[in-house]
Structure formats: structure tokens, C-alpha cells
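The values are calculated or read from the model by the stated rules, or taken from the named source; none is laboratory data. Worth saying up front: this structure is predicted, and the values here are computed from it rather than measured. Neighbour counts are summed over all protein chains in view; Cβ atoms, including those assigned to glycine, are modelled from backbone coordinates with ideal geometry. Just the protein is used for accessible areas: all its heavy atoms, side chains included, with ligands, DNA and RNA removed. Shrake-Rupley method; radii C 1.70, N 1.55, O 1.52, S 1.80 Å.
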Amino acid sequence: MDDYAAFGARIITGQGNRLALAGLCPPERLAECESRLEQFRPLRFSSKDPVEIDRAIAGRLAEVYRGKAAAVGATVSIKGLSQEIFRTGGVLGRPEFSPEDAGDELEALDGGLWMYTASGGPGWIGRFSRETAGQLARLARSHQGAYPVKANDLYRRLLRLSPQTYLFVSDGTGYDSFGLCAVKSGGKELAFIV
């Protein structure tokens, strides 16, 4: 099923931060969604508060992609903060809804897609059965060890379980972070590390 097109980019913001964005949109909206990626270059981070960092990203994603994309995600590596704060800077969601803090949620989306978000991440979207989605969510909750290992393990499993369509985001700022933003749909696959 190629009912979504994939888009994304890795950019450097005006503050010099590395930001990766990716999303799924209807194929007829692909050119418009790709052209909107440049609207993230001026994104500024003025707080060291992890919640404020995520809210800045989520708010901008919703503003730029509301009514255009089915799902979007982003991760950022903010210069100078990696040794000062615990990991943050990764968001995933549907832009038509107001940004909110991620709970430990598994949500059914259109077209047989499932989305998992949790505070501390990583978050993912994949096309598989409810049972498989639940198994991957349980693994995300129970995984022990360093965050980069957890993110890599979940990403590899997502690739195996949903090889045609997925979106994956992990935190890119702070100690114990591993900023990865990846998407695949319609035969197009993009992956960015910040």
C-alpha cells in the first residue's frame, strides 16, 4: 500500500543546530510538504528546559504541516546542551492535533498504521496488526540499557516488522541521546542522524 508519500530533510537552523524532519503525506501533497521544510531553518531554541524544547518543535510541526501531512516527526541536536541536560528533542505526531506531552500511548491511525509515543521516546509509526504493534510497544517500555542501544534496537525491529511504511524518531539533544529521524513509504526511504 503506497497511500502515503515520504518526505524529510536534515537542515542546520539559524542558531547552528542540526535538525532532522520526516513525515508521511498524501502523494498529491508531496511537493508542498517538501517545499515547507525550509520553514524550519529559522526555528530557535531559547530554553534549556526539555519540555520547552519539545514544545517548540511540536508547535512548529503542527503550524507548518496541519492539513498537509498525515504524520510528522523531528529530532534536534542543540549545540552546547548535550552535556547539560538529559535527553530531549524528539517529537512525533499528527499535525492536525494540538501538541501535547507524549504519554505511553499506542494509537490506531488511518490505513492500518499504528503510532507509539512515550515520554523519553523513541516514537514510531508502522503498518502492522494491532498485536504486532502492541508487542513492539511493550518492548519499547521494557527495554533496559543505554538509550542509543534501545533506539537502534527498536528502529531495526520496526524495519523488519513494517518494511514498506514507517516513521521513526528518537531524541537528539542531551546526554544519552541518539538523534535519528527516518521514514519510508511509496518506495522512498530517508534516514537522518543529528
> Is there a residue in segment 128-135 that is loosely packed, with under 15 Cβ neighbours inside 10 Å, not in a helix (DSSP H, G or I) and not aliphatic (A, V, I, L, M)?
Replying inline: yes
>> Here's a check for you: in segment 79-99, which residue that is over 16 Å from Arg60 (Cα atoms) and in a loop (DSSP other than H, G, I, E, B) is modelled with the lowest pLDDT?
In response: Ser82
> Out of all the residues in segment 138-151, which are touching a strand residue (DSSP E or B) at 6+ places or on another chain (Cβ under 8 Å) and over 16 Å from Gly174 (Cβ atoms)?
Replying inline: Ala140
>> Looking for something farther than 18 Å from Phe40 by Cβ and either in contact with a strand residue (DSSP E or B) (Cβ under 9 Å, 6 or more places away or on another chain) or of a type in the set (D, E, K, R) (or both) - is there at least one such residue anywhere in segment 65-72?
In response: yes
> So which of Ser46, Ser35 is of a type in the set (Ser, Thr, Tyr), at pLDDT 95 or above and open to solvent by 30 Å² or more (accessible area, probe 1.4 Å)?
Replying inline: Ser35
> Which of the residues belonging to segment 122-147 are aliphatic (A, V, I, L, M) and free of Cβ contacts under 8 Å to residues at least 24 places away in the same chain?
Replying inline: Leu139
>> With the structure loaded, tell me whether Leu81 is over 18 Å from the mean Cα position of the chain (by Cα), open to solvent by less than 70 Å² (accessible area, probe 1.4 Å) and in contact (Cβ under 8 Å) with a residue 40 or more places away in the chain or whether it fails that test.
In response: yes
> Any idea which residue in segment 143-172 is surrounded by the most Cβ atoms within 10 Å (Cβ to Cβ), counting only those that are small (Gly, Ala, Ser) and modelled with pLDDT of 85 or more?
Replying inline: Ser170
>> Here is a list: Val91, Val169, Val183, Val149. Which entry is under 15 Å from Asp54 (Cβ atoms), among the aliphatic types (A, V, I, L, M) and out of contact with any helix residue (DSSP H, G or I) (no Cβ under 9 Å at 6 or more places or on another chain)?
In response: Val169
